[in-house]
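A short worksheet on the structure shown next.
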Amino acid sequence: KPAEARKRFENLLAKNPKNGQALLALAELAALQGADRSEVAGLLTKAVDANPTEIPPRLLLIELYLRTNETKLALAAAQSAVSAVPSSMELLDALGRAQQASNDLNQALATYNKLVAEQPLSPQAHLRLALIQLANRNNQDAEQSVRKALELKPDYLEAQRSLIFLDLEAKRYQDALKLARTIQKQRLDST
């Protein structure tokens, strides 16, 4: 009963306009009911304005803009988010993705280098850096970053796929085949 749920959230917001949970729930409900992007973005923006240091509404707003290919809005939202909560690695990651979507690869590279410096034990951070390095056609650095991600998490499928791609690009077909067989074995062993 979406109409009743919406009414409850609106009543809650009438009593407490800065209730971030209610604003997020209202935005999610609007999205599920097929509301247009601007209505959902408006609700998420209200949630951000009500609680500027809350990370989830900021991430959802950035994701909404990225999904709808509004890269300038995604970039602006991500820059604002990192300014408001500079210690959030999730927001830093979102900024890098927004920069990449905006084709600002040098800024994305700087952002992911910062992310790796802040989280050196995160295989995902190393892989994100590798993908930007690949986009910049810097396969040698990309390979080092992918290998670092795999060193941290040997069965990281996305990193394994990236290494296969790099091996194929470098015409190291035997290495690519060997890794593909390793992946198959890992997948069989995990079932």
* Too long at a 20 Å Cα-Cα cut-off: which of 72/148; 18/72; 15/46; 18/46; 153/185; 72/114? -> 72/148; 18/72; 72/114
* Structure fact -> So the carbon and sulfur contribution to the accessible area of the chain, 1.4 Å probe, in percent, is 52 percent
* Cα-based helix-to-principal-axis angle, 139-152 vs the chain, degrees rounded to 10 -> 80 degrees
* Residue of 169, 143, 158 that the Gaussian network model of the chain assigns the largest fluctuation, springs spanning Cα pairs under 10 Å -> 169
* Principal-axis tilt of helix 173-189 within the chain, Cα atoms, nearest 10 degrees -> 60 degrees
* Under a 1.4 Å probe, what is the accessible area of the stretch 74-191 per residue, stated in Å²? -> 56 Å²
* Asked: Tell me, what is the FRET efficiency for residue 183 and residue 117 to the nearest 0.05, using R0 = 30 angstrom and their Cβ-Cβ distance as r?
  -> 0.55
* Asked: Which of 119, 144, 33 moves most in a GNM of the chain, Cα contacts under 10 Å?
  -> 33
* To do: Taking the chain as the reference, fit the longest principal axis to its C-alpha atoms, fit the long axis of helix 105-118 to the helix C-alpha atoms, and give the angle between the two in degrees, 0 to 90, nearest 10.
  => 90 degrees
* From the list [x] 1.26; [y] 1.07; [z] 1.31, can you say which value of Cα Rg over 2.2 N^0.38 Å was derived from the structure given? -> [x]
* With the chain treated as a Gaussian network of Cα nodes joined by springs under 10 Å, which of 16, 113, 69 yields the largest mean-square fluctuation? -> 16
* For the chain, size of Cβ-based charge dipole, Lys and Arg +1, Asp and Glu -1, in debye -> 280 debye
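The values are calculated or read from the model by the stated rules, or taken from the named source; none is laboratory data. Fair warning: this is a prediction, and the values are worked out from it, not measured in the lab. No Cβ is skipped: glycine too gets one built from the backbone with ideal geometry, and neighbour counts run over all protein chains shown. To get the accessible areas, we keep the full protein, side chains included, count just its heavy atoms, and leave off ligands, DNA and RNA. Shrake-Rupley method; radii C 1.70, N 1.55, O 1.52, S 1.80 Å.
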